[in-house]
1. Just one of the numbered conditions (1) within 11 Å of the ligand (Cβ to nearest atom); (2) free of Cβ contacts under 8 Å to residues at least 60 places away in the same chain; (3) out of contact with any helix residue (DSSP H, G or I) (no Cβ under 6 Å at 6 or more places or on another chain); (4) not β-branched (Val, Ile, Thr) is not true of ARG75; which one?
2. Looking only at segment 80-97, decide whether some residue is under 28 Å from GLU35 (Cα atoms) and at pLDDT 95 or above.
3. Out of the residues in segment 99-115 that are touching a helix residue (DSSP H, G or I) at 6+ places or on another chain (Cβ under 8 Å) and aliphatic (A, V, I, L, M), state the one that is nearest to the ligand (Cβ to nearest atom).
4. Looking at ALA32, ALA58 in this structure, which one is modelled with pLDDT of 95 or more, in a helix (DSSP H, G or I) and among the aliphatic types (A, V, I, L, M)?
5. Given (1) more than 9 Å from the ligand (Cβ to nearest atom); (2) over 15 Å from the mean Cα position of the chain (by Cα); (3) among the charged types (D, E, K, R), identify the lone condition not met by GLU118.
6. Give the residue that is nearest to ALA22 (Cα to Cα), with candidates limited to residues of segment 89-104 that are touching a residue at least 40 places away in the same chain (Cβ under 8 Å) and either of a type in the set (Lys, Arg) or assigned to a helix (DSSP H, G or I) (or both).
7. Would you mind telling me which numbered condition in (1) away from the ligand (no atom under 16 Å from the Cβ); (2) exposed (fewer than 13 other Cβ atoms within 10 Å of the Cβ); (3) more than 16 Å from the chain's Cα centre (by Cα); (4) not in a loop (DSSP other than H, G, I, E, B) GLY86 fails?
Amino acid sequence: MERTSKKLTRTDVQNFKLRLEAERQETVRLLAELEQERRLVTHDGPEDAGDASVTTLARESLFERTSQKNRQLSRINIALRRIGSGQFGVCSECGEPINRKRLEAMPWTTYCLQCQEELERAHTSQRFVGVELQE
Ligand SMILES: [Zn+2]
């Protein structure tokens, strides 16, 4: 059975588009919530040392969650643009079709598994270089 990696049909792409749009709305909503939370954390001055550390933790966790959501949002926007330009489901690195199961698990991905792994390795080593340059 060689039909498992067949090209995505128009209907498939439409379904992925609907999922991505729903996901984008949800991400935008969560970002708005996080922004509200951030204002609360920033405005309430800590009463004592115990509160201060809680506030710092809350801020760090908020910052982390916000940047995660922002990254997610830009991935979704890129995927939606790729649907618009007819490139959806094709790895933007090697040009091979992205595994369908992978797309169903994360429709915002723009890389096949192999390229993703290679990019993550490259990214990790780049970050080491970045740290060295800063110091
Ligand atoms: Zn690839």
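1. (1)
2. Yes, segment 80-97 has at least one match.
3. Among those that are touching a helix residue (DSSP H, G or I) at 6+ places or on another chain (Cβ under 8 Å) and aliphatic (A, V, I, L, M), it is LEU113.
4. ALA32
5. That leaves (1) as the condition not met.
6. LEU103
7. The number of the failed condition is (4).
The values are calculated or read from the model by the stated rules, or taken from the named source; none is laboratory data. Every value quoted in this text rests on a predicted model; they were computed, and no experiment measured them. Please note: Cβ atoms are built from the backbone with ideal geometry, for glycine as well, and neighbour counts cover all protein chains shown.
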